[in-house]
Every structure is written in C-alpha cells, then in structure tokens.
Amino acid sequence: MAKDKTIYTCGECGGTSPRWLGKCPHCGAWNTLVEGVAEGGGAPPKNRFAALAKTSEVMPLSRIEARDVQRTPTGHEELDRVLGGGIVEGGVVLIGGDPGIGKSTLLLQALDSLQRAGLPTLYVTGEESGAQVALRARRLGIEGSQVQVLAEIQLEKILATLDAEKPAIAVIDSIQTVYSDQLTSAPGSVAQVRECAAHLTRAAKASGTAIVLVGHVTKEGALAGPRVLEHMVDTVLYFEGDTHSSFRLIRAIKNRFGAVNEIGVFAMTEKGLKGVSNPSAIFLSQHAQPVPGSCVMVTLEGTRPLLVELQALVDSGGPSPRRLSVGLERDRLAMLLAVLHRHAGVACLDQDVFVNAVGGVRISEPAADLGVMLAITSSLRGKPLPKGFLAFGEVGLAGEVRPAPRGQERLKEAAKLGFSVAVVPKANLPKKNDKAFDGLTVHGVERIEEALDLVRRLE
C-alpha cells in the first residue's frame, strides 16, 4: 500500500507547500503551515462547486429593482443591534469567541425566542450530545422549548436534514467539528472547514435558511481555520470579554447587511445572557471622591457612544521605566508621552506609566488621546480632576488637539448621564443656546498645553 503523501497547508490563506517552511510562500505569514494528508487524485465529483447567485443577463443598474432585505428580530435587542436589525433570510453569520464565553448559550436563547415567535428552528451540535443541550436549556429556564436538535457532524447528513426540515434559521455548533465524505482529511483541518463552510453557505443562499456558524478562536484571538472563512460569510461576530467577569461584548467585524464595529453588551446571569441597555455604567468606576489619575472619555462603538473611564498610574521607575497599557495601544502611549514631554514640558522619562481602560473594553480610536494625557498628568501631580469631568480629542505630534468625529453625540450622551465639565477640541464645541447640553460646561482647546492650563485652573 502506497504511503499517503504529506502536504503543508497555510492556516491563513489555505495555500499548500510540499515541505514545511517557516514562512508561507503564498501570503507571507509566519508559522502558519500545518501538516496534513494530500487528497486523493481521483476525479472530483461533478457539480461540486456552483455559483451562489443565479446567472442573469447584463442590464443597466437603473433597470434593476432595489429591494431592502427583510429582517427577523431575534428577541434580544443587543444581538439585533450587532446584526443590523435582526436575522436576514439566507444570510450566513459566523460567530467566534473563547471557549466558555457564552456562544452556545446565547444562540440557544435566540433560537428559543425565534421558535416561540412561530419560526421553525434547528440546532445542530457537533460538540455535545442532545442530553447536554437539554441540560443547558434546563439551566436557562427553557426546558419546555420546541427547538429541533440534531447531534451530527457529517456534512451530507446535515444538508439532507436542512433540505427536509426547511428551518428558517439553523445553528451549526461548531464548524470545526463538521466533515465531508468528499475529503479524506480530519475534521477541523483547513480543507474540511473551507469545504463545509462553502457547502453550507451555498445551501443557505439556495433555500433561504439563515445559518449561524460557531467558530473557535486561536490563542491570538483570531478565528481558527482559514481566513477565507471570513470572506465567505455575510456577517462575522466576535465575542469579547474576560471569562472571570460577568459582562460580555459582541463586536461586528463584518456585516453585509448592517454597520460594522457595532457592539452589543450582555451580562451573564444564572438564566443566561441578558442585554445591558446602559453599558456606560459598566465602564465607569464608582468613587466616593475624585481620585488622581482617573479621567472619563466618550468613545464611539459603531453608532453608540460609550463613556469609559481611563486610569493612569505614574510611579518612580528607576533606570529602566516600564510602559504598560491595557485596552489601549502600547505604541500610542509611548507617542503621547513624547508629545507631553516636548510640547507641555511634562517629563516621565524616569517614571513607570500604567494606563488601563476600565471594564475590559478595547479602545482603538485616537479620540482617547486627550483623556489619557490628562489622566497621566493628574496621576503625576497627585491631584484629581474635577468631579463630573470628561475629555476627548485626538492629539497630533505637533501638540495640536484635533476634532473627534460625531462630537455632538458624544457630548449629548455625557450631558444625559449628568456630567458637568467637558474639555473637547475647539471644532467640537456645540452651538450656543442648545438645550441638549444644559448643565454641561464645554471648554474648547486647540493645543495640549492649553488643555493642561485649563485643567489646572478648574482644579
């Protein structure tokens, strides 16, 4: 018997190589080649690949009827927010997250809500038995649910069940456990994941069934399997949050039917995941008195303004000072410290600087620059910022304070939550006599040294 040929497949792009290399020759990624067995050399079956959309004639865009997609609410407002309003007919959603973070729990809750609304549903589990799913349903208080459950990992049987049952929405938990008979490789391999996802996507588009694929993540936080998986589907959602905390964030990375970077906030309770209507309360620490090194800023997550507390601690560091940031980019912190030194005369060369975004939220936008710098100077001087104070704005390398997008919405959210003083870029100043900003005194600044002088006067 001839020995099976070994090939090495890239986990990022799916490219193959006859021998192991440290760097993928196709996409240039390092340490992504995984050993596997080459597929048989027989002729591939006919109609293995087909177009997702029906072939049509060439016609001008003006003659094509524009129709909005119908959405079905899931019964969970935060999940609907991330999806863009609800489940779309024939849409394929990929949801990834760490083990135990609550993916299966949330999807089982959503399926139960949709089933109670009168829609046929199907839950395909490849990781658990039906008894384990029933046990989870009992813990969630939905033991009387009529959701159809199928414990199966073979793709062909799953497709046959989808064709027979014709559910409105089906959940595949998880895509890494599904395998096809057409391939000889093991479940979870790059070829199997890519092939099964393509077949399920085609089935969703052909039948109109909305399919949700559950995906595992790697140690780095990216979805396991080929990166092409994210390109096939319509929506990619990521579960974020510390497993030791009760709060979970769902972030939309890609959405063909809605906005990206939208987040949904959930709280893990004994009865499953519950949506949080006012998430700003999570990211604000409760202090009886103002403390040094704490500054509140307003960040935008999709269309939703969130108030986040930024904490800074400056301490004597000795000959090799440390720079540590949690929830913010470390390189950005080093740049802000250099701007502080050059343009504001605040030196932290021999100081340890630690910066933290409260609540486990990750801030990627530059509007947090001003808040971080004010928190650092507050900790360095040992003087707290005024009560009810907030700041936002991007700081450039020349020391200028640049405007943040949608500044009016940020200020309205702060005024609604009872904040009294705000330092913002001059371009973000609201119009005079605007009733929406009653009780909020807004100061506009153009340079970082001007902002620091203003804060000293406010103290």
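Annotations for the structure displayed:
- Annotation: for a label point projected 7 angstrom from Cα along Cα→Cβ of S246, residues of the stretch 277-304 with backbone N closer than 15 Å are 277-279, 281-283.
- In order along the stretch 415-426, the Karplus-derived 3J(HN,Hα) couplings, from 6.51 cos²θ - 1.76 cosθ + 1.60 at θ = phi - 60°, round to 5, 5, 8, x, 6, 10, 10, 9, 10, 9, x, 4 Hz, and Gly and Pro are given as x.
- The H on the amide N of F392, modeled in the peptide plane, is under 5 Å from the matching H of V423, each at least 5 residues off or on a different chain.
- Point-charge dipole on Cβ atoms (K/R +1, D/E -1) for the chain, about Cα centre, debye to 20: 500 debye
- Stokes-Einstein D for the stretch 73-277, Kirkwood Rh over Cα pairs, 10 °C, 1.306 mPa s (µm²/s): 94 µm²/s
- Those Cys residues of the chain for which no other cysteine Cβ falls under 4.7 Å: C196, C295, C348
- Each 5 Å bin, from zero up to the one with the longest distance, holds this percent of the alpha carbon pairs of the stretch 150-258: 2, 11, 21, 23, 19, 13, 7, 3, 0.
- Taking a point 7 Å from the Cα of K166 along the Cα-to-Cβ direction, the residues of the stretch 180-212 with backbone N closer than 16 Å to it are 204-210.
- Nearest 10 degrees, 0 to 90: helix 103-116 Cα axis against the chain principal axis: 70 degrees
- Estimated FRET transfer efficiency when R0 is 56 angstrom, pair R362-E57 (beta carbons, to 0.05): 0.75
- Cα principal axis extents for the stretch 294-458, largest first, Å: 53, 32, 27
- FRET efficiency, 1/(1 + (r/R0)^6) with R0 51 Å, evaluated for T6 and Q286 via beta carbons: 0.30
- Rounded to the nearest 0.05, the FRET efficiency derived from the C-beta distance between A427 and S17 at R0 = 45 Å is 0.30.
- For the chain, the Stokes-Einstein estimate of translational diffusion at 10 °C and a viscosity of 1.306 mPa s comes to 63 µm²/s, using the Kirkwood hydrodynamic radius over alpha-carbon pairs.
- Its convex hull of Cα atoms gives the stretch 222-377 a direction-averaged projected area, equal to a quarter of the hull surface, of 12.4 nm².
- Phi to ³J(HN,Hα) by Karplus 6.51 cos²θ - 1.76 cosθ + 1.60 over the stretch 452-459, Hz, x for Gly, Pro: 5, 4, 5, 5, 4, 5, 5, 5
- For the stretch 162-177, Karplus couplings with θ = phi - 60° (6.51, -1.76, 1.60), whole Hz, Gly/Pro x: 4, 5, 7, 7, 6, x, 6, 9, 10, 10, 10, 10, 10, 5, 6, 9
- Counting only DSSP beta bridges whose two residues both lie in the chain, roughly 55 percent are antiparallel.
Every number in this text was worked out from the coordinates using simple rules, so none of it is lab data. Just so it is clear, the structure is predicted and the values come from calculations on it, not from any experiment. Neighbour counts are summed over all protein chains in view; Cβ atoms, including those assigned to glycine, are modelled from backbone coordinates with ideal geometry.
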